[in-house]
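Engineer: First, the structure itself, so that you have it in front of you.
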Amino acid sequence: MTQTAARPTGASPPARPRLHRAWLVAAVAFVALIGAAGFRATPGALITPLQDEYGWSRGTISLAVSVNLLLYGLTAPFAAALMNRFGIRRVVSCALALVALGSGLTVFMTASWQLVLLWGVLVGLGTGSMALAFVATITGRWFVKHRGLVTGVLTAGGATGQLVFLPVVAWLAAHHGWRSAALVVAGGALAVVPLVLIFLREHPSDVGLPLYGATEVVTPTMPAGGAARNAIDSLRFAARTRAFWLLAGGFAICGASTNGLIGTHFIPAAHDHGMPTTTAAGLLALVGLFDIVGTIFSGWLTDRVDSRILLGVYYALRGGSLLVVSQLFAASPHPSMLVFIIFYGLDWVATVPPTVALCREYFGDRGPVVFGWVFASHQVGAAIAATGAGLTRDHLGTYSPAWYAAGGLCLIASVLSLRLRKGGSPVPPRVVAAGAM
């Protein structure tokens, strides 16, 4: 399956750069994730402007967001398999181009179905190809040492993208119209493509290096079969295990309580209480700022603490915070809301590093693709929450039931995580051989 490069007896080892190339690859991946994350800042800031201009209901606009979130998740496992088959650079470059195309063409739309096509389908496919399965692929190919920490840093790239773009998107929408904001997002995605094509490399062996933390240069082999077949085969294998369903169930709730609810509806919910959109966007960007700290720290902890315990604690803390947030909205930020923002930000995607680690523990070399399917469940949960919260607001005039439901679900996710058994599931002989050779 894999071969170790031979070196003549007595020959001096090849000169190694002081800074391992893995760190450059991780840095480029981080910037690419920021570029793709630009659209993640868009829906929450543009729901009200679109509603004002076109008269579309929040449920209609939320449907486009839900399609985006659903495709964002369902694309991930196939994108991970495509990266194995055709290379990271090709897949990531095409993904960024799709994000730019979908966001840029919104300036010409005249009907709600076009919003679903552009925001939902095109951007959903693009961002899905740049989802967290991409993070799992990079860390799996380039790192042995500090995998958890690097996973945390790269995961924080999405939060950084939101932090960079969200205040800009909200300000542009308020002062120059939502179309200028959409064009800025498109330009940000396109600007990253040259960096990916020039600096990103597929494997350490391409530049004669071992994985960071390893001692031998290993030349990988191409996986047998097509990308779609590998993705489906990985799902069939994982679906026979108890661990997969516990991880997928918990991560579905994770998506419902983050991207689907807070990411999509926090700004319009704050606006309902008289808070200006730009102020609410600033608070959500602050979530992104503290998320960087929380996710990196979570990655550091994942290298040292049982991931099952970490997930149980993260979900329980998040659930408690969501049960009280409905009483914190007001026309202007106050100390209690700021405490929620900081606390929730630290926990926003802290669940990702331990979930990636558990997928690797349970499913071996299939881990990145299986994580793609686990992440798909995350986005199914996010899509349901995005539409459900929008419909709740349309019919009841308040978001409160959505906050309470999300808080209760997070407590269930905590229980699911703590029921994961240590030791993992048996890995098929093919995967064991691939990891051992």
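Engineer: Rounded if a/c is under 1.5, else prolate if a/b beats b/c, else oblate: with a ≥ b ≥ c from the C-alpha gyration tensor eigenvalues square-rooted, which is the chain?
Structural biologist: prolate
Engineer: I would also like to ask the following. Taking the full set of protein chains and a 1.4 angstrom probe, give the accessible area of LEU317 in square angstrom, rounded to the nearest 10.
Structural biologist: 80
Engineer: Also, I was wondering about something else. Given an 8 Å cut-off on Cα distances and at least 6 residues of separation, report the relative contact order of the chain as a percent.
Structural biologist: 27
Engineer: Hey, another quick one. Which distance in nm do the two modelled labels at GLN114 and TRP245 give, with both placed 7 Å along the Cα-to-Cβ direction?
Structural biologist: Inter-label distance under the simple model: 4.6 nm.
Engineer: Taking 0.36 nm per intervening residue step and subtracting the Cα-Cα distance, what contour gain separates ARG229 from LEU24 on full extension?
Structural biologist: Length difference between fully extended and current span is 70.6 nm.
Engineer: Could you give the nm distance between label points at LEU418 and ASP52, where each point is 7 Å from its Cα heading toward the beta carbon?
Structural biologist: So the two model labels end up 4.7 nm from each other.
Engineer: Classify region 195-330 as rounded, prolate or oblate from the Cα gyration tensor: take a ≥ b ≥ c as the square roots of its eigenvalues, call it rounded if a/c is under 1.5, otherwise prolate when a/b beats b/c and oblate if not.
Structural biologist: Prolate.
Engineer: Give me the dipole magnitude in Debye, nearest 20, for the chain about the Cα centre, with unit charges on the beta carbon: positive for Lys and Arg, negative for Asp and Glu.
Structural biologist: Computed about the Cα centre, the dipole is about 1300 debye.
Engineer: Using a 1.4 Å probe, what is the accessible area per residue for region 163-297, in Å²?
Structural biologist: Spelled out: the 1.4 Å probe surface of region 163-297, per residue, equals 40 Å².
Engineer: Could you order peptides 127-135, 279-287, 239-247 by the average number of other Cβ atoms within 10 Å of their residues, highest first?
Structural biologist: Top of the packing list down: 127-135, 279-287, 239-247.
Engineer: Here's another thing I want to ask about it. Leaving out ligands, DNA and RNA, what percent of the accessible area of the chain is carbon and sulfur, probe 1.4 Å?
Structural biologist: Its accessible area is 67 percent carbon and sulfur atoms.
Engineer: If you don't mind, there's one more thing I want to ask. At 37 °C and 0.692 mPa s, what whole-number value in µm²/s does Stokes-Einstein give for the translational diffusion of region 48-134, with Rh from the Kirkwood sum over Cα pairs?
Structural biologist: Translational D for this selection: 248 µm²/s.
Engineer: Which value, in debye to the nearest 20, gives the size of the charge dipole of region 207-312 about its Cα centre, when Lys and Arg are +1 and Asp and Glu are -1 at the Cβ?
Structural biologist: Here the size comes out at about 400 debye.
Engineer: On full extension of the chain, what length is gained from THR279 through LEU411, given 0.36 nm per residue of separation minus the C-alpha to C-alpha distance?
Structural biologist: 44.5 nm
Engineer: Take the Cβ-Cβ distance between LEU323 and VAL218 as r, set R0 to 41 Å, and report the resulting FRET efficiency rounded to the nearest 0.05.
Structural biologist: Taking R0 as 41 Å, the efficiency between LEU323 and VAL218 is 0.25.
The values are calculated or read from the model by the stated rules, or taken from the named source; none is laboratory data. As the structure is a computational prediction, the values presented were derived from the model and not from experiment. In this analysis, Cβ positions are derived from the backbone assuming ideal geometry, glycine residues included, and neighbour counts consider all displayed protein chains. Note: accessible area is taken over every heavy atom of the protein model, side chains too, but ligands, DNA and RNA are not part of it. Shrake-Rupley method; radii C 1.70, N 1.55, O 1.52, S 1.80 Å.
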